[in-house]
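Trainee: Would you mind keeping the following structure in view while I ask a few things?
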Amino acid sequence: MARAGLINALPKAELHIHIEGSLEPSLMLDLATRNNVSLPFSSREEVLAAYQFDQLQDFLNLYYQGMSVLRSRVDFRDLATAYLARAAADNVKHVEIFFDPQGHLPRGVAFDDVLGGLNDALDDAARNLGISGHLIMCFLRHLDEVDAERMLDLALAHKDRIIGIGLDSSELGHPPRKFKNVFRRARDQGFHLVAHAGEEGPPDYVWEAIEILGVDRIDHGNRALEDRELVLRIARDKIPLTVCPLSNLRLCVIDDMREHPIRRMLEAGLIATVNSDDPAYFGGYVNENFQALDTALDLTDDEVIALARNSFEAAFIAPDEKARALARLAEAAG
Ligand code: ADE
Ligand code: ZN
């Protein structure tokens with residue numbers, strides 16, 4: 001076991017958090033009432049009882065239903081404010097938050113309200129909690145590239161607040177190459193690029209994310225370990241992986257936390273980080289993800305410190321900010 005209190009004490013960055021996946025059942029029910037949206041649940045217990053997943057798609061069906069309660073700028077502000085308070089309690093100092101505009105625009109929500117509400121919360125958190133943060137806009141990969149191009153057009157007016165472009169939703173059957181042109185345009189426009197790959201999808205999807213999309217980070221990446229040459233490439237190019245242990249367990253990417261590949265990733269020289277993905281659905285925020293790994297794998301202090309260090313190494317922050325964050329981490333590590 002890592003030293004008692006070490007996980008809590010270390011400053012961390014969270015780089016893989018879908019803001020819609022931080023919608024706790026109590027807030028979901030409150031927003032349903034506020035906005036007169038009907039849900040098939042009447043209590044927190046009923047919501048939680050529905051969270052049984054055999055695969056990614058089972059979760060996604062509930063995730064899209066849950067986010068249907070989000071309607072106004074203040075709803076998005078309330079959602080992100082709750083997440084940022086929770087992250088601050090875990091000693092998270094920097095966040096890179098995914099959001100899914102294509103999950104909101106079809107019900108008449110304005111892009112500016114989504115972005116405005118999230119930025120209101122980020123501005124408050126910077127002032128009141130000392131957390132810095134950026135937004136990463138994700139394309140839903142089950143939709144087509146033309147739809148993603150429309151989202152990129154909308155994002156161009158907000159380049160000061162959107163630091164990157166990502167790719168999420170149903171992985172199998174929707175390989176990264178489907179989004180080749182829109183990712184090239186996003187890169188030309190100066191966005192950082194990330195993509196979910198190798199969560200359920202095969203190593204080939206990770207290759208495509210790297211070689212065709214040109215991503216700066218891979219979200220998940222578990223299945224990359226099946227391909228030795230791919231692991232060497234990810235290590236050589238220092239492409240970080242944003243790994244999500246409780247998500248992996250709840251979505252049956254692994255059968256048991258004792259099988260989690262995080263140690264193998266570190267041993268292979270990969271810049272693996274620990275993240276919560278959709279904490280309201282998977283039962284834990286960042287520290288609970290670290291704790292679950294520690295309990296199952298008996299992490300050493302050095303492994304915990306390396307994972308926290310990797311989170312800042314992998315963050316889209318300026319070199320001077322990174323150096324300051326790493327110095328504070330070294331001090332907290334003792
Ligand atoms: N959207 C939210 N969480 C996701 C995950 N774990 N995989 C793919 N898409 C997602
Ligand atoms: Zn994710």
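The values are calculated or read from the model by the stated rules, or taken from the named source; none is laboratory data. Since this is a predicted model, take the numbers as computed values, not measurements. In this analysis, Cβ positions are derived from the backbone assuming ideal geometry, glycine residues included, and neighbour counts consider all displayed protein chains. When the accessible area is computed, the model is the full protein with side chains, heavy atoms only, and any ligands, DNA or RNA have been set aside. Shrake-Rupley method; radii C 1.70, N 1.55, O 1.52, S 1.80 Å.
Trainee: Filter region 205-262 down to the residues that are touching a strand residue (DSSP E or B) at 6+ places or on another chain (Cβ under 9 Å) and either aromatic (Phe, Trp, Tyr) or free of Cβ contacts under 8 Å to residues at least 12 places away in the same chain (or both) and list them by number.
Mentor: Passing the criteria: Tyr205, Trp207.
Trainee: If Gly284 passes every condition in (1) assigned to a helix (DSSP H, G or I); (2) within 27 Å of Ala49 (Cβ to Cβ) but one, which one does it miss?
Mentor: (1)
Trainee: Hey, another quick one. Based on this model, can you work out whether Glu14 counts as within 16 Å of ligand 1 (Cβ to nearest atom), under 30 Å from Leu129 (Cα atoms), touching a residue at least 40 places away in the same chain (Cβ under 8 Å) and outside any strand (DSSP E or B)? Before the answer, list the steps.
Mentor: Numbers: within 16 Å of ligand 1 (Cβ to nearest atom): yes; under 30 Å from Leu129 (Cα atoms): yes; touching a residue at least 40 places away in the same chain (Cβ under 8 Å): yes; outside any strand (DSSP E or B): no.
No; evaluated as a whole, the condition is false for this residue.
Trainee: Of the residues that sit in region 114-131 and are open to solvent by 10 Å² or more (accessible area, probe 1.4 Å) and part of a loop (DSSP other than H, G, I, E, B), which one is nearest to Ala82 (Cα to Cα)?
Mentor: Leu129
Trainee: On the given criteria, is Cys252 within 15 Å of ligand 1 (Cβ to nearest atom), closer than 27 Å to Leu56 by Cα and surrounded by fewer than 21 Cβ atoms within 10 Å (Cβ to Cβ)? It would help to see each step written out before you state the result.
Mentor: Working: within 15 Å of ligand 1 (Cβ to nearest atom): yes; closer than 27 Å to Leu56 by Cα: yes; surrounded by fewer than 21 Cβ atoms within 10 Å (Cβ to Cβ): yes.
When the stated conditions are applied, Cys252 passes them.
Trainee: Could you tell me which of the residues Leu105, Leu129, Leu122 is more than 16 Å from ligand 1 (Cβ to nearest atom) and touching a Phe, Trp or Tyr at 6+ places or on another chain (Cβ under 7 Å)?
Mentor: Just a single option satisfies the conditions, and that option is Leu105.
Trainee: Please give the number of the condition Asn61 fails out of (1) surrounded by fewer than 20 Cβ atoms within 10 Å (Cβ to Cβ); (2) in contact (Cβ under 8 Å) with a residue 12 or more places away in the chain; (3) within 14 Å of ligand 1 (Cβ to nearest atom).
Mentor: (2)
Trainee: If you don't mind, another one. Any residue at all in region 156-171 that is crowded, with 17+ Cβ neighbours inside 10 Å and touching a Ser or Thr at 6+ places or on another chain (Cβ under 9 Å)?
Mentor: No, there is no match, as no residue in region 156-171 is crowded, with 17+ Cβ neighbours inside 10 Å and touching a Ser or Thr at 6+ places or on another chain (Cβ under 9 Å).
Trainee: I've got another one for you. Could you check region 148-176 and list, in sequence order, the residues that are away from ligand 1 (no atom under 16 Å from the Cβ) and in contact (Cβ under 8 Å) with a residue 40 or more places away in the chain?
Mentor: Just the residues of region 148-176 that are away from ligand 1 (no atom under 16 Å from the Cβ), to begin with: 149-150, 152-163.
Those that are away from ligand 1 (no atom under 16 Å from the Cβ) and in contact (Cβ under 8 Å) with a residue 40 or more places away in the chain: Leu154, His158, Arg161, Ile162, Ile163.
Trainee: Report whether or not Ile271 is at pLDDT 95 or above, among the aliphatic types (A, V, I, L, M), within 14 Å of ligand 1 (Cβ to nearest atom) and open to solvent by 10 Å² or more (accessible area, probe 1.4 Å).
Mentor: Values: at pLDDT 95 or above: yes; among the aliphatic types (A, V, I, L, M): yes; within 14 Å of ligand 1 (Cβ to nearest atom): no; open to solvent by 10 Å² or more (accessible area, probe 1.4 Å): yes.
For Ile271, the condition - at pLDDT 95 or above, among the aliphatic types (A, V, I, L, M), within 14 Å of ligand 1 (Cβ to nearest atom) and open to solvent by 10 Å² or more (accessible area, probe 1.4 Å) - is not met.
Trainee: Tell me, please, whether a residue that is in a strand (DSSP E or B) and within 30 Å of Ala323 (Cα to Cα) can be found in region 18-38.
Mentor: First, pick out the residues of region 18-38 that are in a strand (DSSP E or B): 18.
Imposing the further condition that a residue be within 30 Å of Ala323 (Cα to Cα) reduces the set to 18.
Checked region 18-38: at least one residue is in a strand (DSSP E or B) and within 30 Å of Ala323 (Cα to Cα).
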